[in-house]
Protein chains: 2
Amino acid sequence: MRSMANLKLDDVPTQWYNIVPDLPEPLPPPKDPEKGPSRIQNLPNLMIGECLNQEFSKERWIDIPGGVMDLYLKAGRPRPLFRATNLEKRLDTPARMYYKSEFFSPTGSHKVNTALAQCWYAKRQGFERVTTETGAGQWGTALSYAAAITGLKCTVFWVRSVYNWKKDRLSLMKLMGADVHASPSPVTEFGKKLYDKNPEHDGSLGIAISEGLEDSGRDPKATYCLGSVLNHVLMHQTIIGLETQKQFEIFDDYPDIVISCIGGGSNFGGFALPFLGDALKKGKKIKFIAAQSQVAANLQGKYEYDFADYAEITPMLKMYTLGHQADMKPIKGDGLRYHGSSPILSLLRHKGFIDTIAYPADEKHVFETAKIFIETEGWLPAPESAYSVCCAIEEALKCRESGEKKVIAFNISGHGFLDMPGYRAVLGLG
Amino acid sequence: MRSMANLKLDDVPTQWYNIVPDLPEPLPPPKDPEKGPSRIQNLPNLMIGECLNQEFSKERWIDIPGGVMDLYLKAGRPRPLFRATNLEKRLDTPARMYYKSEFFSPTGSHKVNTALAQCWYAKRQGFERVTTETGAGQWGTALSYAAAITGLKCTVFWVRSVYNWKKDRLSLMKLMGADVHASPSPVTEFGKKLYDKNPEHDGSLGIAISEGLEDSGRDPKATYCLGSVLNHVLMHQTIIGLETQKQFEIFDDYPDIVISCIGGGSNFGGFALPFLGDALKKGKKIKFIAAQSQVAANLQGKYEYDFADYAEITPMLKMYTLGHQADMKPIKGDGLRYHGSSPILSLLRHKGFIDTIAYPADEKHVFETAKIFIETEGWLPAPESAYSVCCAIEEALKCRESGEKKVIAFNISGHGFLDMPGYRAVLGLG
């Protein structure tokens, strides 16, 4: 048996999957707060037109434009699905373990799947610049790349606590021509208020989103791109799970357990939504597990309307949230450190379709477990993806106890080549 | 037209190509120096048996064992061939440019192609440990990976001038369980002599080879693995060029110019030898260009017998060499810093089949040109691969002048995610 499957180029999915019409009940729409100006009416000034259409679409399948398909191929799609044969042996588990390789990406993560789509639409709409926030830096790098490839300028507001230790990722963004600011920064009005109080402010994704929105809002040639949370972002990412489903057909297998890490939800959603669609439409029995950090266990928060950003520029979204101004301790898997979870995934969690596990803030267990994966399968997961690996290994060990031959699918959303200082800090490598 | 081609798994080549029987004249064999013990008779004590057989084989095609094929798939083969459509537009060239993506590798370079084969053979022969040298660190990382995957221990002697600035690559080797020493090190007799004189000695690949050989020579359970220069190493790497040939068939195209960077020759040979075979056997008119650094322009040295290592432990090889104890200034593309060139490629160079170009030691031109590739195609080349990119771009610009629609093929032998401090040092990124 081969330990890898991939698709012919002709078999790469040409439509994204929009789960909205298949949800068990209607998705609660965004709403405005009781006071202040309408955020919803302001959305066309902030967002790319086609992305806004997609955000509210009820079509199940949306064609991927030919130009975006070309960009996907240029970015190395399709990405293989691997059977983790060495890891299974090491764990002595009867489980069959499969992992998707989103790390085969120019910037090292799945984030390019939506970055390319958003930049392609932005360019077509006549914009000259995109702005955004980034936490772990994977999204900021992806947008820097997509902007360069499509001929746009790019401005990134990067959570300072991460900006400070990921020098190499910063260099890569600059190499691709992006303009990068540690957030909170002095270049926006909102950022300056926080910056002036404390120039070493750790920052948060919510704050950085506010800065990105303000920066694009004042420049008619700029538009804002978000890397997670929203419906259209998750939809662009479904290319991951759709490919994975076809690759499972090649293996003649199908998952019992689908696992991925989750912050805002773009990785989890992209990987799991097509399988969640199978669960909803075809009655497939699948266990879905979202791996989180205890510093940002947003799926264990409250299911209520909250802002997506710190400064309350966005509409309110119905989601699991820790509060949009919550303090969350920096971690190495910083891509998981966001106060809220995507409305789609929040609803599915609320309806009992998604389990969750949250790992301790010191990350020792997570990184030590990821090391077993590195030693056996040889790929270096990003710190965030290490949470997926950890959860998958725990499920495989449960199978060793129970003797069950479950099929476990997990996504390695990114590689860790630009995050080695994080591994060193947690594992104390020389 | 699609800008990427890849192979179905069934179409991945299952044999390596050995060019030796197709060379224009017999390959000068290794020989012993006039004085001292026989190095040639000592080879079976230093090398893996099957690799030694392959080193002297005159068979044109050698089957890739099933176990190695499995490892190739686990390492993400086949790797795509891309048409550089964005780069062509930016350069405004009538040339058609294609690049092979050896960066799609667990450790970030082509080096895994021979590391996996060597470790698989070593394991089968009953060895428990492999030792080696490394310059840029790509080979040391690849062997650390291959050893981990096949269940062997690994000891790496790493040229100190590079060891000192590639902290992240060092962490990765340790994450994979390797034992890594800056070379010259105090742990071998030969290394200790140099180390005691100067503990900050820059080191060289020749010195590190001597240490690796000494370390395996004194341990019957260990064997030595070399990452370049030798016939069997280049042969394992021909999987690159063989895949590329089939991918060119999908594009319905064929190269006029084949370019890659060269140090010892494993990357250049792996990519170019199948095409050189076409030139020798089928009379194909192809221009081959090896891109080098002026600090180690070994193909512009003397064609004569010389040792492969500093301490004269190896047999003498007929090759282009700068002298096995030559001083070479450290560069960021350190994988190109070796005094000699593979005997096979040296003979082909001697017979006029290979052109060469050497770039200045400050590397500014090379990295600035690579930045154009990053901005347009989005992939981050390793510093060594930046030399290939630079040469390919120069050839494409010549086509712009002449109006010729040449087809240019080049190999991106590795990615630069673990080498960002090099980019920063040369380009002064913030």
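The values are calculated or read from the model by the stated rules, or taken from the named source; none is laboratory data. Since this is a predicted model, take the numbers as computed values, not measurements. Positions of Cβ are backbone-derived with ideal geometry, glycine not excepted, and every protein chain shown enters the neighbour counts. Ligands, DNA and RNA are stripped out before the accessible areas are found, and what is left, the full protein with its side chains, is counted by its heavy atoms. Shrake-Rupley method; radii C 1.70, N 1.55, O 1.52, S 1.80 Å.
Take peptide A:67-75, look around each residue's Cβ out to 10 angstrom, count Cβ atoms belonging to other protein chains, and average those counts. Let's see the in-between values first.
Values: counts 0, 0, 1, 5, 3, 1, 8, 12, 3.
Mean partner-chain Cβ count within 10 Å for A:67-75: 4.
Compared with its chain on its own, segment B:122-155 contains the following residues whose accessible area drops by 10 Å² or more in the full protein assembly (probe 1.4 Å; ligands, DNA and RNA excluded): B:Tyr145, B:Ala148, B:Ile149.
Between this copy and the others, label points of B:Gly352 are 8.2 nm apart in ascending order, each placed 7 angstrom from Cα in the Cβ direction. Size of segment A:122-165 from its Cα atoms: along the principal axes, largest to smallest, the extents are 35, 14, 10 Å.
Grouping the Cα pair distances of segment B:94-190 into 10 Å bins from zero gives a pair-distance distribution of 17, 45, 27, 8, 3, 0 percent in increasing distance order. Which residue, B:Tyr224, A:Leu345, A:Cys261, has the largest displacement toward the positive end of the dipole of the protein assembly as shown when charges sit on each Cβ (Lys, Arg +1; Asp, Glu -1)? The residue sitting most towards the positive pole is A:Leu345. Take each residue in A:170-177, count the other chain C-beta atoms within 10 Å of its C-beta, and the mean is 6.
Looking at the protein assembly as shown, what % of its DSSP beta bridges pair antiparallel, to the nearest 5?
35
Taking +1 at the Cβ of each Lys and Arg and -1 at the Cβ of each Asp and Glu, which of B:Gly206, B:Ser413, A:Met173 sits farthest along the dipole of the protein assembly as shown towards its positive end, judged by Cα position relative to the Cα centre? Result: B:Ser413.
Here is how far apart the A:Asp63 label points are across copies: 5.0 nm, shortest first, using a point 7 Å from Cα toward Cβ.
How much of the DSSP beta bridge set in chain A is antiparallel, as a percent to the nearest 5?
Details: 18 of 52 bridges.
Taking every DSSP beta bridge with both residues in chain A, the antiparallel ones total about 35 percent.
Only Lys, Arg, Asp and Glu carry charge here, each on its Cβ (+1 for the first two, -1 for the last two); on that basis chain B has a dipole of about 440 debye about its Cα centre.
With 20 Å² as the minimum drop in accessible area between chain alone and full protein complex (1.4 Å probe), the qualifying residues in segment B:370-397 are B:Lys371, B:Ile374, B:Glu375, B:Glu377, B:Gly378, B:Trp379, B:Leu380. Counting only alpha carbon atoms, the long axis of helix A:231-251 and the longest principal axis of chain A meet at about 20°.
Ranked from shortest, the separations from the 7 Å Cα-to-Cβ label point of A:Asp179 to its equivalents in the other copies are 5.4 nm. In chain B, the longest principal axis of the Cα atoms and the axis of helix B:138-150 are about 70 degrees apart. Taken about its Cα centre, segment A:317-430 carries a charge dipole of roughly 300 debye when the Cβ of each Lys and Arg holds +1 and the Cβ of each Asp and Glu holds -1. Taking the alpha carbon gyration tensor of segment B:334-430, multiplying each eigenvalue by 5 and rooting it gives semi-axes of 24, 20, 12 Å, largest first. For segment B:14-161, the solvent-accessible area works out to 34 Å² per residue, with a probe of 1.4 Å and every protein chain left in place. Of all beta-carbon atoms in chain B, the one sitting closest to the axis that brings chain B onto chain A gives B:Phe417, 2, with the distance in whole angstrom. Excluding ligands, DNA and RNA and using a 1.4 Å probe, chains B and A jointly bury around 4400 Å² of accessible surface, summed across both partners.
The listed peptides A:208-218, B:45-55, B:342-352, ordered by packing as a protection proxy, come out as A:208-218, B:342-352, B:45-55 (highest mean of other Cβ atoms within 10 Å first).
Pick out, from B:Gln41, B:Phe275, B:Ala136, the residue whose Cα sits farthest towards the positive end of the charge dipole of the protein assembly as shown, with +1 on the Cβ of Lys and Arg and -1 on the Cβ of Asp and Glu. Checked the options; the winner is B:Phe275. Here segment A:1-138 is assigned +1 on the Cβ of each Lys and Arg and -1 on the Cβ of each Asp and Glu. Its dipole about the Cα centre then comes out at about 520 debye. Among beta bridges identified by DSSP and lying wholly in segment A:67-167, the antiparallel ones come to about 35 percent. Classify segment B:239-319 as rounded, prolate or oblate, taking a ≥ b ≥ c as the square roots of the eigenvalues of its Cα gyration tensor: rounded when a/c is under 1.5, otherwise prolate if a/b is larger than b/c and oblate if not. Prolate.
Tell me the per residue accessible area of segment A:337-430 using a 1.4 Å probe; a whole number in Å² is fine.
27
Using a probe of 1.4 angstrom, how much of the accessible area of chain A is carbon and sulfur, in percent? Ligands and nucleic acids excluded, carbon and sulfur give 48 percent.
Pairwise Cα distances in segment B:143-203 exceed 13 Å in 60 percent of cases. Would the protein assembly as shown count as rounded, prolate or oblate if I go by the C-alpha gyration tensor, calling it rounded below 1.5 in a/c and otherwise prolate when a/b exceeds b/c, oblate otherwise? Prolate.
Interface burial in segment B:90-104 reaches 30 Å² or more for B:Phe104, comparing the full protein assembly with the chain by itself; accessible area from heavy atoms with a 1.4 Å probe. Applying the criteria of a DSSP loop state and at most 16 other Cβ atoms within 10 Å to the trypsin sites (Lys or Arg not before Pro) of segment A:229-323 yields A:Lys284, A:Lys285.
Count Lys and Arg as plus one, Asp and Glu as minus one, and take only other residues whose Cβ is under 12 Å from that of B:Thr134; the net charge is then +2. Between the helical axis of A:364-377 and the dominant principal axis of chain A, each derived from Cα atoms, what acute angle in degrees is found, rounded to the nearest 10? Long axis of A:364-377 versus the principal axis of chain A: about 60 degrees. Students often get this wrong, so check it: of A:Lys371/B:Lys174; A:Lys89/B:Lys174; A:Lys89/B:Lys111; B:Lys246/B:Lys281; A:Lys58/A:Lys153; A:Lys100/A:Lys174, which have C-alpha atoms separated by over 20 Å? Listed pairs above 20 Å: A:Lys89/B:Lys174; A:Lys89/B:Lys111; A:Lys58/A:Lys153; A:Lys100/A:Lys174.
Close amide H pairs (under 5 Å, H built 1.01 Å from N) link A:Ala358 with A:Gln292, residues at least 5 positions away or on another chain. Counts of other chain beta carbons within 10 angstrom of each beta carbon in peptide B:9-16 average 1.
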